[in-house]
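No value in this document is a laboratory result; all are computed from the given coordinates. Predicted model only: the values in this text are computed from it and were never measured. Here the Cβ positions follow ideal geometry from the backbone for every residue, glycine too, while neighbour counts run over all protein chains shown.
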């Protein structure tokens, strides 16, 4: 937000002295968090996708929030389904979507009509965000996942990097054969309308920088525009040494409360007027690769 | 959000019949709006930027909300300043920023210390959004610009496509020599901390699909990564026939109220559970090129 060279100039002279006294930034707080404030992400829920250009993106599947759809997605990965898919749609300020050509035969054993998993009973370990939300009575976290709640039920929210399951008209809920991720302002009108089965862990920039599609809803119009996915692997299926490892900050920790306060009240020297609040989609828990 | 071929299949058989009875979508409502529901965007506030690869993006300057900074930006455009700039920073889920190399001499006549324009008195023509906001007492529109208000003061909000003015540490407010646009979840913590001087009218996809920078804060690390801007022109300085023309939907119209209702309550056949609300950054007024 700044002429960086000048900024570095300032830091080198005055601001380094002030930095000791300045409130810590959210990322500084996360970086200084004790190991116990982090939760290990299960290798059985990590899927590594490799694009034809060699670039990768990695997702975590929400096996506790969306067990039926996640079970399908794992079966699809292990049956080699995603090697038949490409990025077929990039709609600016909305989604990047990947899927196979119409009528590609699904592997055996896929649940073709998975039941709805849009909502679940709000669990006791829900951690609330103490700020207003436009769409729900409250927002917060279940384990480390961003959710909204009406007090009784809770549901995952469509934030940047959420992984959703493409579907046809209801009652279809999608098989998991076609997935998308959110690349713009959170489309919260999709909450409870489309299944969320995961989130991006890394490599988001390899999806967001793809050319926007020029067809209806951002679909690519030409075959050659589609970036094929050449590999999809579950981390736990790889040899131990090759598994990428990730951790997510726990919402039930003192570090989280400090981080949240810093998120909502950005400090001097740059900020003049702290917002005093933060929305759930700008308060996604920090994820780090080990 | 869907296997498009199948979707089209459905439309061709059943849904076309249902479509007559289905509630209109927000874009259908905007498309059907009478001419009087649209406001012409002043050619003197439109700036057309051309990148070295020939692609363009076009912005509208907020001359009424931010007159001092906009006056500077217009002077910079007319003095050829932006032909010395490049895209220097692309930070995923945050901003694309363009500026000149450090120590490039500014043209004469630029106000080097423009006064703050972060807030203004809430005007009588403020149109309220009837939904909760995380950050302010209320949100809505002044003319066609998205703003937040505490009841007395109002300020522009950092939504997707907003044009902000890079600055150094306060009391600097930025000259306009370095600009950015928002490319992710709205960073509302920047509201009232950085001047907003405009918004993208078209060509956003030519900014958002740029490769993400690998340096600190998404700055490019190599000169060759920077996409130069080879031309910046104010539309009113072009011959009449060459001026791009845009209109924005007026917030003080019946069409707007219908559009807003449809935005907050997405209809069947696709949607199962309408959100019943929409946040200001997902309710940016439709803009159309003529």
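Summary table
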{"quantity": "Which of B:216, B:134 has the fewest Cβ neighbours within 10 Å, and the rest in rising order", "calculated": "B:216, B:134"}
{"quantity": "Inter-copy separations for residue B:241, label at 7 Å along Cα-Cβ, nm, ascending", "calculated": "7.0"}
{"quantity": "Separation of the residue A:245 and residue A:170 label points, Cα + 7 Å toward Cβ, nm", "calculated": "4.4"}
{"quantity": "Top of B:49, B:57, B:135 by mean-square fluctuation, Gaussian network on chain B, Cα under 10 Å", "calculated": "B:135"}
{"quantity": "Degrees, to the nearest 10: A:254-264 long Cα axis against longest axis of chain A", "calculated": "80"}
{"quantity": "Point-to-point label distance, residue A:83-residue B:52, nm (Cα→Cβ direction, 7 Å offset)", "calculated": "4.0"}
{"quantity": "Structure-based [θ]222 nm, chain A - -39500 (n - 2.57) summed over DSSP H runs of at least 4, per residue, nearest 500", "calculated": "-4000 deg cm²/dmol"}
{"quantity": "Distance between segment A:112-162 and segment B:60-120 - C-alpha centres, whole angstrom", "calculated": "40"}
{"quantity": "Principal-axis tilt of helix A:67-78 within chain A, Cα atoms, nearest 10 degrees", "calculated": "70"}
{"quantity": "Estimated FRET transfer efficiency when R0 is 22 angstrom, pair residue A:221-residue B:211 (beta carbons, to 0.05)", "calculated": "0.45"}
{"quantity": "Gaussian network model of chain A, springs between alpha carbon atoms under 10 Å - residue of A:181, A:214, A:50 with greatest fluctuation", "calculated": "A:214"}
{"quantity": "Relative contact order (%) - chain A, alpha-carbon pairs under 8 angstrom, separation at least six", "calculated": "28"}
{"quantity": "Of A:32, A:251, A:128, the one that fluctuates the most in a GNM where chain A has Cα springs shorter than 10 Å", "calculated": "A:32"}
{"quantity": "For A:83, A:60, order by how many other beta-carbon atoms lie within 10 Å, fewest first", "calculated": "A:83, A:60"}
{"quantity": "Whole-Å distance, taken between Cα centres, linking segment A:163-183 and segment A:246-278", "calculated": "32"}
{"quantity": "Rounded if a/c under 1.5, otherwise prolate or oblate - segment A:216-290, Cα gyration tensor axes", "calculated": "oblate"}
{"quantity": "Efficiency of FRET between residue B:254 and residue B:115 - r from beta-carbon atoms, R0 22 angstrom, step 0.05", "calculated": "0.05"}
